[in-house]
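What follows is a short report on a single structure.
The values are calculated or read from the model by the stated rules, or taken from the named source; none is laboratory data. The model shown is predicted, which means the values in this text are computed figures rather than measured ones. All Cβ positions, glycine included, derive from the backbone under ideal geometry; neighbour counts span all protein chains shown. To get the accessible areas, we keep the full protein, side chains included, count just its heavy atoms, and leave off ligands, DNA and RNA. Shrake-Rupley method; radii C 1.70, N 1.55, O 1.52, S 1.80 Å.
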Amino acid sequence: MKYNRILLKLSGESLMGQQGYGIDTQRLNSYAAQIKQATDNGIQVGIVIGGGNIFRGLSGAAKGFDRVKGDQMGMLATVINSLALSSALEAIGQPAKVLTAIPMFPIGYPYSKWEAIKTMKEGKVAIMSCGTGSPYFTTDTGSALRAIEIEADVMLKGTRVDGVYTADPEKDPSATKFDHITYEEVLARNLKVMDITATALCKENHMPIYVFNMDIEGNLAKMLKGENVGTLVD
Ligand code: UDP
């Protein structure tokens, strides 16, 4: 295997699958199965999940909510998704532990770098919820931060597209995929890989990002074996 420890970012939006809202159990179970396969191969797995399938602070603010309260609602949405994933993992025999950046025991255990590392070394999946724990951030930034903190070898960004393109492939049919691109180019070309804060944090701390389509079953395993199924940003 190419990596020993990974941080996998799953978007909340992907979790809703074909539905317009909430959690699609088929998608959830597919993620759980793929994650278990990675830990079965001896890889330590840390996860950060978004909350966009339930609530986003920015859309709350657009409707007149206080932004900070909206973001807190968004962070709670990530906890809901994290509990769902931990449940799906445990149902197939893969132990998992939900850690929360905002203390809310017994829903989850308070997050710390050391708790996360201990959890992974015990063979459990560490699901780190609440993003960064602060408003005005995204779970992309949360996952960049956690990847760096837990000393992951790579941050994997599971999305609905199979990598980074010259333009939005859903809008521009002539767009081509990069196999490899630098942080500088992502920032200069304003490519929508992750938000600028997350990309900058990875750049400053030399955390490689791998963008791939997690909704195609088997892609995570292929990526971990070193097959080219997405785009490497470093
Ligand atoms: N959020 C936050 N701080 C963080 C991470 C997330 O306030 O560190 C809030 C924010 O309101 C965001 C919501 O949680 O809109 C859900 O996260 P995100 O939009 O990143 O989810 P995704 O797009 O991955 O589904």
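Descriptive notes on the structure:
- Here Ser174 does not fit the description of being of a type outside the set (Val, Ile, Thr) and within 17 Å of Ile43 (Cβ to Cβ).
- Every listed requirement among (1) more than 16 Å from the ligand (Cβ to nearest atom); (2) over 18 Å from Glu122 (Cα atoms); (3) under 11 Å from the mean Cα position of the chain (by Cα) is met by Met1 save one, (3).
- Of the strands (runs of 3 or more DSSP E) lying entirely inside the stretch 126-234, the ones with 2 or more residues being among the aromatic types (Phe, Trp, Tyr) and either open to solvent by 60 Å² or more (accessible area, probe 1.4 Å) or touching a residue at least 40 places away in the same chain (Cβ under 8 Å) (or both) are found at 209-213.
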